[in-house]
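The values are calculated or read from the model by the stated rules, or taken from the named source; none is laboratory data. Keep in mind that what you see is a predicted model, and the values were worked out from it rather than measured. Positions of Cβ are backbone-derived with ideal geometry, glycine not excepted, and every protein chain shown enters the neighbour counts.
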Amino acid sequence: MPKVLIAAPVHPVLMEALQRAGYTCELVLDITQEEAVESVGQYEGIITSTRLLIDRELLDRAQQLKFIGRMGSGMEIIDMPYAAQKGIICVSSPEGNANAVAEHALGMLLGLSKQIIKSNQELYQGLWEREANRGFELEDKTIAIIGFGHAGSAFAHKLSVFNMQILAYDVNPNIIYPNYVKAQETMQRIYEEADIISYHVPASQENKYLFNDQFLRNFLKPIVLVNTSRGNVVDPLAVMHGLKKGKISKACFDVWETEPISKMNEQQKSVFNALMANENVLFTPHIAGYSHEALFKMSLVIAKKLKLA
């Protein structure tokens with residue numbers, strides 16, 4: 001029977017769909033890149049998230065490969081043009097975890113704006129601080145959503161009940177925006193009015209350090225920065241400079257340039273630790289799209305796109 005390598009956590013709905021289609025599923029969640037290169041020749045399909053880099057070397061070894069399913073978004077892990085040359089079908093499932101990411105971004109924003117994390121930690125120390133933990137409301141604030149795909153649009157929908165002004169910017173000219181979002185053809189209005197910036201863009205060479213010192217200098221007032229997209233979208237040193245100069249008032253990150261901490265070099269750890277010590281910064285370990293429901297929905301999306309369900 002043809003075999004599929006499952007190199008990422010998936011819901012049984014996908015495994016069952018593959019088995020009904022006649023595939024044997026081999027679940028190897030801890031597979032290394034080197035092991036995948038050595039063994040990929042025996043598989044007709046791969047289901048992965050971020051563990052494997054589906055590059056030319058791996059694709060050249062994958063003589064039987066017919067499809068690749070990406071749990072979540074971010075097809076930068078796959079050499080898409082080369083896979084297309086080989087006739088390999090590649091699908092992703094950003095629809096499946098968009099709601100989870102949107103809820104997480106909202107949760108981080110509320111947690112930081114209301115001083116929930118800080119005040120909770122102080123209570124463990126016996127401190128009952130009210131005035132020092134006075135928060136701010138989202139109502140009447142202006143938020144700019146950079147990238148209006150599945151996650152960005154889901155986040156905007158959550159925010160639509162907060163009586164906020166929602167601005168959006170996306171390089172795709174064909175997006176249809178809901179009436180509660182004001183689409184922007186340029187960034188100028190965002191520079192002038194935004195209180196909060198939230199990123200929802202893919203990792204790409206064009207988006208590397210999209211948020212940098214020069215970008216930050218364009219804003220007329222201090223901003224709250226939220227990034228639940230990809231770590232390399234934000235320059236860590238620009239965050240450090242922005243917090244120090246008061247150009248960034250607060251920041252929330254679910255992603256970072258180098259993940260996990262064990263893979264950071266000493267300089268990267270130094271910056272990361274300094275930000276972790278800042279009471280105006282909130283981190284989570286790349287879990288925004290990692291809900292139980294998202295696992296099911298992403299698995300089902302892949303099964304449907306591969307015409308297995």
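Any residue in region 198-208 that is of a type in the set (S, T, N, Q), touching a residue at least 40 places away in the same chain (Cβ under 8 Å) and over 15 Å from SER153 (Cα atoms)? Yes, the conditions are met somewhere in region 198-208.
For region 53-74, the set of residues classified as surrounded by 19 or more Cβ atoms within 10 Å (Cβ to Cβ) and modelled with pLDDT under 95 consists of GLY72, SER73, listed by residue number.
Within region 154-168, being of a type in the set (Ser, Thr, Tyr) and either crowded, with 19+ Cβ neighbours inside 10 Å or part of a helix (DSSP H, G or I) (or both) holds for no residue. Just one of the numbered conditions (1) buried (at least 19 other Cβ atoms within 10 Å of the Cβ); (2) over 23 Å from the mean Cα position of the chain (by Cα); (3) β-branched (Val, Ile, Thr) is not true of THR186: (1).
Within this structure, SER119 passes the test of being assigned by TED's automatic domain parsing to the domain that holds GLU192, farther than 30 Å from GLN184 by Cα and hydroxyl-bearing (Ser, Thr, Tyr).
Please go through region 109-130 and give me each residue that is without any contact (Cβ under 8 Å) to a residue 40 or more places away in the chain, part of a helix (DSSP H, G or I) and among the polar types (S, T, N, Q), ordered by number. SER119, ASN120, GLN121, listed by residue number. With respect to the stated conditions, ALA151 fails to be within 22 Å of LEU110 (Cβ to Cβ), buried (at least 22 other Cβ atoms within 10 Å of the Cβ) and free of Cβ contacts under 8 Å to residues at least 60 places away in the same chain. How many of the residues in region 138-182 are under 18 Å from ALA98 (Cα atoms) and hydroxyl-bearing (Ser, Thr, Tyr)? The qualifying residues number 4.
Looking at LYS269, is it assigned by TED's automatic domain parsing to the domain that holds LEU237, touching a helix residue (DSSP H, G or I) at 6+ places or on another chain (Cβ under 8 Å), farther than 22 Å from TYR199 by Cα and without any contact (Cβ under 8 Å) to a residue 12 or more places away in the chain? The answer is yes for LYS269. The condition (being over 14 Å from the mean Cα position of the chain (by Cα), buried (at least 16 other Cβ atoms within 10 Å of the Cβ) and either over 23 Å from GLY107 (Cα atoms) or of a type in the set (S, T, N, Q) (or both)) is satisfied by just one residue among LEU216, LEU282, LEU243, LEU275: LEU216. Scanning region 26-52 for residues that are surrounded by 20 or more Cβ atoms within 10 Å (Cβ to Cβ) and outside any loop (DSSP other than H, G, I, E, B) gives ALA36, VAL40, GLY45, ILE46, ILE47, THR48.
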